[in-house]
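The values are calculated or read from the model by the stated rules, or taken from the named source; none is laboratory data. The structure displayed is predicted, hence computed values, not measured ones. Every residue, glycine as well, gets a Cβ built from its backbone with ideal geometry; the counts of neighbours run over all protein chains shown.
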Amino acid sequence: MADFDKTNRENHLLLDTHVPVPDPPSSYHLATTPDLADTPCSSLQQDHPLLRIPLELLRKNFRSAHFELEKDKKNVVETLKETATRAVNNEPPPTEDVLKSLDAIIARMRGVKRKLAASADEEQRLYRHETARVRHLAEIYAMHTTDDVKYEVWSRTRLDRMLVDYMLRQGYGDSAQSLARERGIEDLVDVKTFEQMAQIRDSLRNGSVTEALAWCTAGDTKKELRKMDSNLEFMLRYQQYIELVRPYTPAKLSEAIKHAQRFLHPYRETHAAEVRQACGLLAVPPHRAASYPAYAALYAPQRWEALAELFVATHNRLLSLPSIPLLHLALTSGLSALKTPACHSAEGAHRQSAEGRANVASLASVCPVCSRELNDLARSVPYAHHTTSHVEHDLVLLPNGRAYGRERLDDYARKAGLLDGQVKDLRTGEVFSEERLKKVYIT
């Protein structure tokens, strides 16, 4: 037992340190090469969760194993102490009782061994994932620019990781596993973690708090949630109380009162409003709740979806997972560099007119921010900030709503052999007279 405690202390010290990243080779120029260093997609900040998740899971796995060990050790020590005390006091227990106690101790220790073996297997799996991820990120150290062939392969692997992460968050677990298996990136994605989260989330949506409560109270998760000031466990107990009141039978109401005394009353100071409302719910049966909006909301089925969202947010926060998919993080970086005030203002100003809708559709075909697929995602990102303008200084507006530089139009007209005083749209090929052009002033 002492050797095991020593090993655990060493493992705990190991988990408190960062996984070392290999030193970059002498030819490493990532920080000094503008081509690669200034590319948003090359920012390793977006890959922070890639390394953080296995570390958080290692900590959680170690704490859970330590918690189970201490609990079983305490039980064994108390049993041995009780037997020894009775023997010292000249009250030796019957041989049968001693044998039963020893059998119980042996059975418990065998259970501990099985738990520790499972914990060790999980630890090895997480170490393998962490090693593969460090190796994956270290590959970029040998690349000088984005023109490097290896960078294209590395970026493709990174995109596959983001796609798997997105599909897991959206509930497409089978597709995510197939993609990870096909690309050989099982160690670079957290399929198991998201599957467990999805299972609990779906159980909440189906009206069951059993699995979510088991997750909250497993190991020392309860202590970690308390440190985070999370109200997840309280809200789950609160929903349990509501479901006990819902049938509104004497037996269930009595059970609900006992449940409130045990699980809700301890939160009377931190959740005073909810506890008072729980007491009032006893006087409002479901068929009369429509007259009392505050209590009708407690009986509403939408509470299950809110609980599922609360669980997902708490789970992500506990494991230091970003609240949005990594794919969205990468996309918003690029969208912010392209977004201008015209991207969304044009849609609002011309939504009602046919010409306006046509202009919006035309923009959507060439502008990612205005596209139907990315428009909503880009709505919350900031506008691009350019200190140097790349817009042509001699812009003119054609009758079809397109703007080009006058010098470029004249040059194109000469090459196309147009008559004097005519210009041609570079995209559509339409020909207009110079009198119909309007000067564009950028403000």
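What single numbered condition from (1) of a type outside the set (Lys, Arg); (2) surrounded by 19 or more Cβ atoms within 10 Å (Cβ to Cβ); (3) not in a helix (DSSP H, G or I) fails to hold for Pro247?
(2)
Name the pairs whose Cβ atoms lie under 8 Å apart, with the first residue in the range 217-234 and on the phi > 0 side of the Ramachandran plot, the second of a type in the set (Ser, Thr, Tyr) and in a helix (DSSP H, G or I), and 6 or more positions between them or separate chains?
Every condition considered, the pairs that remain are Gly219/Ser64.
Of the residues Gln177, Gln170, which single one is within 25 Å of the chain's Cα centre (by Cα), of a type in the set (S, T, N, Q) and surrounded by 17 or more Cβ atoms within 10 Å (Cβ to Cβ)? Talk me through it step by step, then tell me what you get.
Details: Gln170 fails: surrounded by 17 or more Cβ atoms within 10 Å (Cβ to Cβ).
Exactly one of Gln177, Gln170 is within 25 Å of the chain's Cα centre (by Cα), of a type in the set (S, T, N, Q) and surrounded by 17 or more Cβ atoms within 10 Å (Cβ to Cβ), namely Gln177.
Do any residues in the range 175-188 that are not assigned by TED's automatic domain parsing to the domain that holds Arg133 have Cβ atoms under 7 Å from those of residues that are buried (at least 17 other Cβ atoms within 10 Å of the Cβ) and not in a helix (DSSP H, G or I), where the two are at least six apart or on different chains, and which pairs are they?
Within 7 Å, the pairs are Ala180/Val189.
Taking the range 275-299 as the region of interest, how many residues are among the hydroxyl-bearing types (Ser, Thr, Tyr), free of Cβ contacts under 8 Å to residues at least 24 places away in the same chain and surrounded by 12 or more Cβ atoms within 10 Å (Cβ to Cβ)?
We begin by selecting, within the range 275-299, every residue among the hydroxyl-bearing types (Ser, Thr, Tyr); these are 291-292, 295, 299.
Among the residues that remain, those that are also free of Cβ contacts under 8 Å to residues at least 24 places away in the same chain are: 291-292, 295.
Add one more test, that the residue is surrounded by 12 or more Cβ atoms within 10 Å (Cβ to Cβ), and what stays is 292, 295.
Within the range 275-299, residues that are among the hydroxyl-bearing types (Ser, Thr, Tyr), free of Cβ contacts under 8 Å to residues at least 24 places away in the same chain and surrounded by 12 or more Cβ atoms within 10 Å (Cβ to Cβ) number 2.
If I filter the range 311-341 down to residues being of a type in the set (S, T, N, Q) and closer than 28 Å to Met228 by Cα, which single residue comes out as surrounded by the fewest Cβ atoms within 10 Å (Cβ to Cβ)? Spell out the reasoning first.
To start, the set of residues in the range 311-341 that are of a type in the set (S, T, N, Q) comprises 314, 316, 320, 323, 332-333, 336, 340.
Checking the rest, the ones that are also closer than 28 Å to Met228 by Cα come to 314, 316, 320, 323.
Numbers: Thr314: 20, Asn316: 16, Ser320: 12, Ser323: 10.
So the residue we want is Ser323.
Report the residue count in the range 268-324 for those that are of a type in the set (Ser, Thr, Tyr) and not in a loop (DSSP other than H, G, I, E, B).
Kept after step one, since they are of a type in the set (Ser, Thr, Tyr), are these residues of the range 268-324: 270, 291-292, 295, 299, 314, 320, 323.
Among the residues that remain, those that are also not in a loop (DSSP other than H, G, I, E, B) are: 291, 295, 299, 314.
Adding up the residues that qualify gives 4.
Quick check, is Ala256 within 23 Å of the chain's Cα centre (by Cα), crowded, with 19+ Cβ neighbours inside 10 Å and at pLDDT 95 or above? I'd like the intermediate steps shown before the answer.
On the way: within 23 Å of the chain's Cα centre (by Cα): no; crowded, with 19+ Cβ neighbours inside 10 Å: yes; at pLDDT 95 or above: yes.
Against the criterion (within 23 Å of the chain's Cα centre (by Cα), crowded, with 19+ Cβ neighbours inside 10 Å and at pLDDT 95 or above), Ala256 does not qualify.
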